[in-house]
Amino acid sequence: MLKYDAVVVGGGSAGIAAAASAAKEGARTLLVEAGPNLGGELLTGMTIDGAINARGQWIVGGILTELIEELKRMDGFVGAFNDWRLIRYLCYDPVVMQFAVVNVLNKYGVDFLLHTVAEQAVVEDGAVKELIIHNKSGKSKVEADCFIDCSGDGDLCAMCGALYEVGSPNGDLQPVSMMFRMSGVEAEPLLRFVKEHPEHVALGESDEIRGGRTDEEIAEELYKQGQPTVFFKGDGPLLRKAIERGEMFPTALIMIQPTSNQRKEVCINCTRVAHVSGLDTKALSGTMVELLAQVRQSVKFLKNNVPGFENAQLSAVGQRIGIRETRRIIGEYVLTGEDARSGRKFSDGVAKGCHHIDIHQEGTKQIRIPIANGGSYDIPFRCLIPKGLKNVLVAGRCFSADREALGSARVIGGCLAMGQAAGTAASMLAASNLEDVRQLDVSLLRKTLKSQGAIVDGTY
Ligand SMILES: Cc1cc2nc3c(=O)[nH]c(=O)nc-3n(C[C@H](O)[C@H](O)[C@H](O)COP(=O)(O)OP(=O)(O)OC[C@H]3O[C@@H](n4cnc5c(N)ncnc54)[C@H](O)[C@@H]3O)c2cc1C
């Protein structure tokens, strides 16, 4: 029997922020991760979206700021850039990020167990009494005052009997993808190509980013930014013709973003297999062959068709198949697409989101709807409280939202911010005599979050 104040299930973006925040506020904290590593998609090198709104205003701080400081200290922060399409994002070296994540957790004394699955929960009267975890050493029981579900898939809440939804009303889900990286990419010829052929790329899809500019003027801005931040679009001539010729598989975008100027390395997001559930392990595993074939095909396409890639090499493939959506736990409030789109603020807001509603679909289809006025919306604390459970919180991609709101808030910035709020709330529950997270003083939670450098007020 292990005893902690707070137990976090899942060591992705939400889980690392939750565990670090809980421990920072004095809670004895255990982080349980099924995989071999901590950081989740942060280890692929995908950009951190949802941290800076389209106006250029930071809406996430706290643990994100601490990670950035660690990255900078180890020369692993590439910078904050404008994608000249819809958003601004943060680029970093994922190899260095692996160190940054462990350093931040270690700094606050978080205990973590890798290769450990949260398997079963003993629930009495809406409260989790014990969590049963399983690893090579066998099974153990863990007791805690508060449990936080950051499993991405809502595993903990589901095993506690919480209500949830999956995907669209007809059960469709966003495609799964395999991220990869290429090194030896020359930025200047790539950006010159884009400047000369803006028709190939996605540009100025929100008024705030476009700012009245023509596509040619935006391509010039992209060139001046000097970084390989390029989105070839599926309905642009370059990619569309390659798809028609069978040289590329149907995809909405080839997203290219820098991970290391030293290695001239970029992260690439373009592979996709639709209609597969991350909750169906057999089906998910079955996509690996096709996803890896798509990686090979994309590398060949880029090397043969895109200036700057001629001498580039495949340098890394994701450590796992990327899953965009599975369970959405039903909480005390369900954040809606309209809340997100309109930039709605809430008096119990404990985190923020600003990413466009971003729902990848089959083939070349993708829904992309910007947030009003390039602003941000609040994520209420109630969205982190699963209905019917007293000492459980949920954060990250399985939080309480409808499908559209999840399409926005699921990005890393939002997951880190929700994790920070949940971890801080868990530490408050542990330090009190209260038994239900609903009894916590939300104004005190917001105050504590601000003292941690989190951003909960004062943004568009
Ligand atoms: C292909 C792809 C591209 C994306 N591109 C971007 C992008 O460019 N920018 C951006 O900001 N976001 C992007 N996203 C979204 C973003 O990466 C994720 O939504 C976010 O990382 C989710 O974080 P999380 O912590 O909620 O979940 P996860 O990162 O999935 O972490 C959950 C963790 O829980 C562990 N776990 C699960 N079940 C259990 C269990 N029962 N016991 C123990 N551990 C368990 C898992 O192993 C995992 O490590 C992308 C997502 C995908 C898939």
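The values are calculated or read from the model by the stated rules, or taken from the named source; none is laboratory data. Everything quoted here is computed from the prediction, not taken from an experiment. Counting neighbours? That spans all protein chains shown, and the Cβs are built from the backbone with ideal geometry, glycine included.
Does region 425-441 contain at least one residue that is more than 16 Å from the ligand (Cβ to nearest atom), under 19 Å from Ile16 (Cβ atoms) and either among the polar types (S, T, N, Q) or not assigned by TED's automatic domain parsing to the domain that holds Gly396 (or both)?
yes
When the residues of region 21-48 are filtered to those that are out of contact with any helix residue (DSSP H, G or I) (no Cβ under 6 Å at 6 or more places or on another chain) and either outside any loop (DSSP other than H, G, I, E, B) or among the charged types (D, E, K, R) (or both), which remaining residue is nearest to the ligand (Cβ to nearest atom)?
Result: Glu41.
Only residues that are more than 11 Å from the ligand (Cβ to nearest atom) and either β-branched (Val, Ile, Thr) or within 24 Å of Glu130 (Cα to Cα) (or both): list them for region 387-409, please.
Restricting attention to region 387-409, the residues satisfying the condition of being more than 11 Å from the ligand (Cβ to nearest atom) are 387-393, 400-405.
Once the filter is applied, which keeps residues that are more than 11 Å from the ligand (Cβ to nearest atom) and either β-branched (Val, Ile, Thr) or within 24 Å of Glu130 (Cα to Cα) (or both), region 387-409 yields Lys387, Gly388, Leu389, Lys390, Asn391, Val392, Leu393, Ser400.
Could you name every one of the helices (runs of 4 or more DSSP H) located completely within region 266-365 that has at least 1 residues being out of contact with any Lys or Arg (no Cβ under 6 Å at 6 or more places or on another chain) and over 29 Å from Thr424 (Cα atoms)?
Where helices (runs of 4 or more DSSP H) fall fully within region 266-365 and carry at least 1 residues being out of contact with any Lys or Arg (no Cβ under 6 Å at 6 or more places or on another chain) and over 29 Å from Thr424 (Cα atoms), they are 281-286, 288-305.
Results for (1) under 30 Å from Ala121 (Cα atoms); (2) under 24 Å from the mean Cα position of the chain (by Cα), shown as yes or no for each residue.
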site	(1), (2)
Tyr164	yes, yes
Gly171	yes, yes
Val176	yes, yes
Met179	no, yes
Ser183	no, yes
Pro189	no, no
Lys195	no, no
His200	no, no
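Taking into account only those residues within region 410-424 that are out of contact with any helix residue (DSSP H, G or I) (no Cβ under 7 Å at 6 or more places or on another chain) and of a type in the set (A, V, I, L, M, F, W, C), which is nearest to the ligand (Cβ to nearest atom)?
Here the residue is Val411.
Which strands (runs of 3 or more DSSP E) sit wholly inside region 106-151 and have at least 1 residues that are away from the ligand (no atom under 11 Å from the Cβ) and more than 29 Å from the chain's Cα centre (by Cα)?
Here the list reads 117-124, 127-135, 138-143.
Could you grab me the full set of residues in region 396-420 that are of a type in the set (A, V, I, L, M, F, W, C) and assigned to a loop (DSSP other than H, G, I, E, B)?
Cys398, Phe399, Val411
Among the residues of region 152-177, which ones are polar (S, T, N, Q) and within 14 Å of the ligand (Cβ to nearest atom)?
Gln174, Ser177
Across region 1-58, which residue is surrounded by the fewest Cβ atoms within 10 Å (Cβ to Cβ) among those that are of a type in the set (S, T, N, Q) and within 25 Å of Glu265 (Cα to Cα)?
Asn37
Regarding region 142-156, can at least one residue be identified that is over 25 Å from Ala417 (Cβ atoms) and free of Cβ contacts under 8 Å to residues at least 60 places away in the same chain?
No, region 142-156 contains no residue that is over 25 Å from Ala417 (Cβ atoms) and free of Cβ contacts under 8 Å to residues at least 60 places away in the same chain.
Among the listed residues Leu393, Leu444, Leu389, which satisfies the condition of being assigned to a helix (DSSP H, G or I) and in contact (Cβ under 8 Å) with a residue 12 or more places away in the chain?
Values: Leu393 fails: assigned to a helix (DSSP H, G or I); Leu389 fails: assigned to a helix (DSSP H, G or I).
So the residue among Leu393, Leu444, Leu389 that is assigned to a helix (DSSP H, G or I) and in contact (Cβ under 8 Å) with a residue 12 or more places away in the chain is Leu444.
Report every pair of residues separated by at least 6 positions or lying on different chains whose Cβ atoms are under 6 Å apart, first residue within region 306-326 and within 16 Å of Ser285 (Cα to Cα), second in a strand (DSSP E or B) and within 12 Å of the ligand (Cβ to nearest atom).
Pairs that qualify, where the first residue is within 16 Å of Ser285 (Cα to Cα) and the partner is in a strand (DSSP E or B) and within 12 Å of the ligand (Cβ to nearest atom), are Val317/Phe180; Ile321/Val176; Gly322/Ser177; Ile323/Val176.
Residues in region 247-283 that are under 21 Å from Leu42 (Cβ atoms), of a type outside the set (S, T, N, Q), away from the ligand (no atom under 14 Å from the Cβ) and crowded, with 22+ Cβ neighbours inside 10 Å: how many?
The qualifying residues number 1.
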